[in-house]
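Below you'll find the structure, written out as structure tokens, and then a few comments.
The values are calculated or read from the model by the stated rules, or taken from the named source; none is laboratory data. Treat the numbers as computed from the prediction; the structure is a model and nothing was measured. We place every Cβ from the backbone using ideal geometry, glycine too, and count neighbours over all the protein chains shown. Each accessible area value is taken on the protein alone, full model and side chains, heavy atoms only, with ligands, DNA and RNA left out. Shrake-Rupley method; radii C 1.70, N 1.55, O 1.52, S 1.80 Å.
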Amino acid sequence: MSNDNGLGDKIKGAVSKAKGEVKDQVGNATNNTSLQAEGKVDKAKGAVQQKVGEAKDDHNRH
């Protein structure tokens, strides 16, 4: 069993989602569609990272 409990992935995911939200909002406010798109990608990446962390936690509980 791995010592990696998924916390690192969950933290990375939260940071990516927060960064993505800021980019998305700034892009929206400045009508910068490229920045909005980057933000949406970062948010999606963060969601995946968080799911990986949750899966690791679930795996380590069993």
Hey, residue 55 hits all of (1) surrounded by 13 or more Cβ atoms within 10 Å (Cβ to Cβ); (2) touching a residue at least 24 places away in the same chain (Cβ under 8 Å); (3) not basic (Lys, Arg) but one; which does it fall short on? (1)
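Every residue, every condition in (1) of a type outside the set (Val, Ile, Thr); (2) open to solvent by 80 Å² or more (accessible area, probe 1.4 Å); (3) farther than 30 Å from residue 60 by Cβ; (4) in contact with a helix residue (DSSP H, G or I) (Cβ under 8 Å, 6 or more places away or on another chain), yes or no:
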site	(1), (2), (3), (4)
8	yes, no, no, yes
22	no, yes, yes, yes
26	no, no, yes, yes
29	yes, yes, yes, no
35	yes, no, yes, yes
40	yes, yes, yes, yes
43	yes, no, no, yes
Among (1) in a helix (DSSP H, G or I); (2) touching a helix residue (DSSP H, G or I) at 6+ places or on another chain (Cβ under 7 Å), where does residue 58 come up short? (2)
Given (1) under 18 Å from the mean Cα position of the chain (by Cα); (2) free of Cβ contacts under 8 Å to residues at least 12 places away in the same chain, number of the condition residue 30 does not satisfy: (1)
